[in-house]
Amino acid sequence: MTDLRLVPAAIAVWVAAWSLTGPAAAWTGPATVVFSLVTGVVMAVACLWPTAVVGAARRGPDRNAALYPVLAHLALVAAGVLAVTLSAHVQLAGRAPLAELAGQRVTATLTGVVVSQPEPFSFAPGSGRQRWVLAARTVDARGVESSARAHVQVLSDAAPRYGSTATVTGPLRPADPGAAETARLSARSAAEIRAPPSALRVLDTHRAALLTVTDPLSPQARGLVPGAAIGDTSRLPDDVAEEMRVTGLTHITAVSGGHFAVVVAVLTLLCSAARLPRPGRVLVIALASLAFVLLVRPEPAVLRAAVMAAFALTGTALGRPSQALPALAGSVVGLLVVDPWLSRSFGFALSAAATAGLVLLTAPLSARLAPWTGQALAYAAAVPLAAQVACGPILVLLDPSVSTVSVLANLLAGPALVPATVLGLLATVLAPWLPAVAGLVAWAASGATWWIAAVAHRCAALPGAAVPWLGGPAGALLLAVLTGLVLWAVLRRAPRPGWPESWRAAASRGLRETLAARRRRLTRARFVVLLAAASVAALVVAVTVPRLVARTGLPADWQVAACDVGQGDALALRTGPTSAVVVDVGPDGPAAGRCLDRLGVERVDLLVLTHFHADHVGGLAPVLAGREVVAALVSPVPEPVANAGATGATLAAAGVPVRVAGSGDRGTAGTLAWQVLQAGAGTDANDSSVVLSARVAGLDVLLLGDLEDVGQSALVPLTGRADVVKVAHHGSAVQSRALAERVRPAVALVSAGRDNEYGHPTDEALDLYAGVGAAVVRTDECGTVALVVRGGEVALAGC
């Protein structure tokens, strides 16, 4: 029987940790007191209950004896929730000083330990920018040095090594609500003041040597061999990464339970061959597992797998069999008590869900498939099916789509996972000492990864490989409910015997008779007609089906979108499921209206018209058509007069309240907060542009309209850092270096028309923003683009 005794405690601890690390973080103190009292009462009753039950039993039968297991479960749940509440309270208290400094956006010098593997910043490939996490131990701000106990996400041009002690200086900014890091910091560089421990330096040598020996291989092998072996995806081609995401094969490069199972299985075989006694086997596997964790870095999914492996080793050392589900629940409880913010990690959630799915669903699904497919094929199909069923609702939160080819892709790619992992790890071990031999082993591993990449490519190209789905919690809940109903319908009955023998005999006999009859009646002319009709039908299906199932390329959970309206501006900032703040509407024509339709915008909470040039207000009528516009904010300088008058008349006819923008105006719309930083800085239309600053989904967005020299110079002292900037005047040559260096965005959006007569965007503007570390995204090259925020990470869609 499946042991579920620890599952209620694991679920309760997860819910408590998720709640206490989000908006309810301020209530950790009172919650600690409450749960301390509740836990004390429940445990006292649980301790006294057996005595009371025994006394009652002497007087006669007592039905309350059956309540004791329930009471024991309540005591366990209360103890787990109390532990995670205490942990969150203590850690939040340690984070508070640094969080306060980040809220004030002060410049500080932090010293601490690098606790994440530096990775290229996703928005600036090839720019050298690195993102990593520092466990800060001291902070020097405003001339005062104090201790700190918090993690900070750092973005710098050069990153120190994992495990080293480093110091970094830069402006602090608040992290997103619920983020594992307390603050964010951007700096030019970081100084390594103490090298990593010797064990980490040795493992880093092996990581670097593996990249060296795989460098001569094909592009897929350069990315997938290190990915399958140690989870290093820094060289994985973008197209391969996207195909693996669509086909549900990303777990191959995300080190987790499957990799641990392979490592432990190989080590167990070697220890058995060497006839090591049980203590020796446990010691060897434990040390190798620890080294493997440090080699691949202790990411959330790796930690979950490592703790479960520790439970299994403990059971082996004690001579007792271990069970996967209690080990999973115990791992979840222990890790969430140590780090409550893991409850908000998608990697941790996917790892735990996949493991639970495999443990609970693989056997019953395999039993129901076996009569129809055979035992071996049934088990091979049940494993990816169970994992997809368990992870589907979580994956929808990351990407609002459902993969229809995941099971097929995993079924085909599964046999290559073990050789890819084992050979890749063997090459990692040999690389520093025998690079030539390691190169041959890596080349052999590339054969397995070639098959994985080929499966991903073929399956991702199938029509309907990814079906669009409702995004957000509503979509996840809907998929979970539908999945639960299907599982209930499939599993509520015992396995059926499979295909009846009479069916198989009848089908075989009927097929032979049908073919014989067709051969007698089929003439050459009829054969040609049927072949032509089948070819036409296949062509129609091949052309129309991909178009019907193809997605728009813009995810349902977009947050910032730059519409492709040709030579003009039109941007949307999401405020709700079907609402947005819209800034400018592009030139005359339906482009802006169609873009908003494509984004699903039915309500415009605020329409901002930065100035009255035709390429910013010409598309007003299509935007207003069929949409509710709550209010409009316009430039204080009515130039050109004709455009300003026509715009006012159109808004008045649509019944839209209009207000002239003024510097300092601010407000909120749904989940978005906005402020006018500047309006009417100059006398001409461009420099009178309304400059809007907005914060949406944790992103600071700055929209510069068509500012020229005067307007940009006046804006420099009024603004600070921003995550996203809409580059002024379509990327013209008139750009302020002082403003670009002050803002230093991660993303610079340039709205321009393809092959426009003005030469926008200019090389000067592109080089300027690329030089300050921004990823420059152009609508003339990419079309309509959107930014999404998932799990605290920002990504670009549509380009």
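The selection criterion, being modelled with pLDDT of 95 or more, part of a helix (DSSP H, G or I) and in contact with a helix residue (DSSP H, G or I) (Cβ under 8 Å, 6 or more places away or on another chain), holds for Ala427. All conditions in (1) within 26 Å of Val246 (Cα to Cα); (2) out of contact with any helix residue (DSSP H, G or I) (no Cβ under 9 Å at 6 or more places or on another chain); (3) modelled with pLDDT under 90; (4) not acidic (Asp, Glu) hold for Gly484, with the sole exception of (3). Criterion applied to Val389, Val307, Val405 was being closer than 28 Å to Ala286 by Cα and either among the polar types (S, T, N, Q) or in contact with a Ser or Thr (Cβ under 8 Å, 6 or more places away or on another chain) (or both), and the one residue passing it is Val307.
Yes/no matrix, rows are residues, columns are (1) within 21 Å of Arg129 (Cα to Cα); (2) polar (S, T, N, Q):
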| site | (1), (2) |
| --- | --- |
| Ala166 | yes, no |
| Arg173 | yes, no |
| Ala183 | yes, no |
| Ser186 | yes, yes |
| Glu192 | yes, no |
| Pro196 | no, no |
| Arg201 | no, no |
| Leu211 | yes, no |
| Val255 | no, no |
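Those strands (runs of 3 or more DSSP E) of region 632-714 in which 3 or more residues are crowded, with 17+ Cβ neighbours inside 10 Å occupy 632-634, 672-678, 691-696, 699-703. The sole residue among Gln735, Gln675, Gln712 that is polar (S, T, N, Q) and under 30 Å from Ala179 (Cα atoms) is Gln675. Just one of the listed residues (Leu270, Leu287, Leu313, Leu283) is in a helix (DSSP H, G or I), outside the structural domain of Ala352 (by TED's automatic domain parsing), touching a residue at least 24 places away in the same chain (Cβ under 8 Å) and not hydroxyl-bearing (Ser, Thr, Tyr), namely Leu313. Give region 593-612 a look and list any residue that's in a helix (DSSP H, G or I), closer than 26 Å to Glu639 by Cβ and under 29 Å from the mean Cα position of the chain (by Cα), or say none. Hits for region 593-612: nothing passes. Out of the residues in region 156-179 that are crowded, with 20+ Cβ neighbours inside 10 Å and aliphatic (A, V, I, L, M), state the one that is nearest to the chain's Cα centre (by Cα). Only one residue tops the list, namely Ala175. Name the single residue that is surrounded by the fewest Cβ atoms within 10 Å (Cβ to Cβ) among those in region 200-242 being polar (S, T, N, Q) and over 21 Å from Ala301 (Cβ atoms). Among those residues, the one meeting the criterion is Thr205.
Just so you know, in region 630-656 the residues that are in contact with a strand residue (DSSP E or B) (Cβ under 7 Å, 6 or more places away or on another chain) and farther than 27 Å from Asp684 by Cβ include one that is modelled with the highest pLDDT, and it is Val630. Test Pro197 against the stated conditions and say whether it is touching a residue at least 24 places away in the same chain (Cβ under 8 Å), surrounded by fewer than 22 Cβ atoms within 10 Å (Cβ to Cβ) and more than 21 Å from the chain's Cα centre (by Cα). Considered against the rule, which asks whether it is touching a residue at least 24 places away in the same chain (Cβ under 8 Å), surrounded by fewer than 22 Cβ atoms within 10 Å (Cβ to Cβ) and more than 21 Å from the chain's Cα centre (by Cα), Pro197 comes out as yes.
Among the residues examined, Arg666 does not qualify as basic (Lys, Arg) and in contact (Cβ under 8 Å) with a residue 60 or more places away in the chain.
Of the strands (runs of 3 or more DSSP E) that lie entirely inside region 723-786, those containing 1 or more residues that are touching a Ser or Thr at 6+ places or on another chain (Cβ under 9 Å), among the β-branched types (Val, Ile, Thr) and under 20 Å from Pro587 (Cα atoms) span 747-750.
Results for (1) part of a loop (DSSP other than H, G, I, E, B); (2) within 25 Å of Trp18 (Cα to Cα), shown as yes or no for each residue.
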| residue | (1), (2) |
| --- | --- |
| Leu134 | no, yes |
| Thr138 | no, no |
| Ser147 | no, no |
| Val152 | no, yes |
| Pro160 | yes, no |
| Thr167 | no, no |
| Gly170 | no, no |
| Arg173 | no, yes |
| Ala180 | yes, yes |
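Looking for something more than 27 Å from Glu602 (Cα to Cα) and not aromatic (Phe, Trp, Tyr) - is there at least one such residue anywhere in region 626-637? Yes, there is a match, as at least one residue in region 626-637 is more than 27 Å from Glu602 (Cα to Cα) and not aromatic (Phe, Trp, Tyr).
Per-residue answers, yes or no, for (1) surrounded by fewer than 21 Cβ atoms within 10 Å (Cβ to Cβ); (2) of a type in the set (A, V, I, L, M, F, W, C); (3) closer than 20 Å to Leu20 by Cβ; (4) assigned by TED's automatic domain parsing to the domain that holds Leu86:
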{"site": "Leu318", "(1), (2), (3), (4)": "yes, yes, no, no"}
{"site": "Ala327", "(1), (2), (3), (4)": "no, yes, no, no"}
{"site": "Leu335", "(1), (2), (3), (4)": "no, yes, yes, no"}
{"site": "Trp341", "(1), (2), (3), (4)": "no, yes, yes, no"}
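The values are calculated or read from the model by the stated rules, or taken from the named source; none is laboratory data. Everything numeric in this text was worked out from a predicted model, so none of it was measured. Quick reminder, even Gly has a Cβ in these numbers, built from the backbone with ideal geometry, and neighbours come from all protein chains shown.
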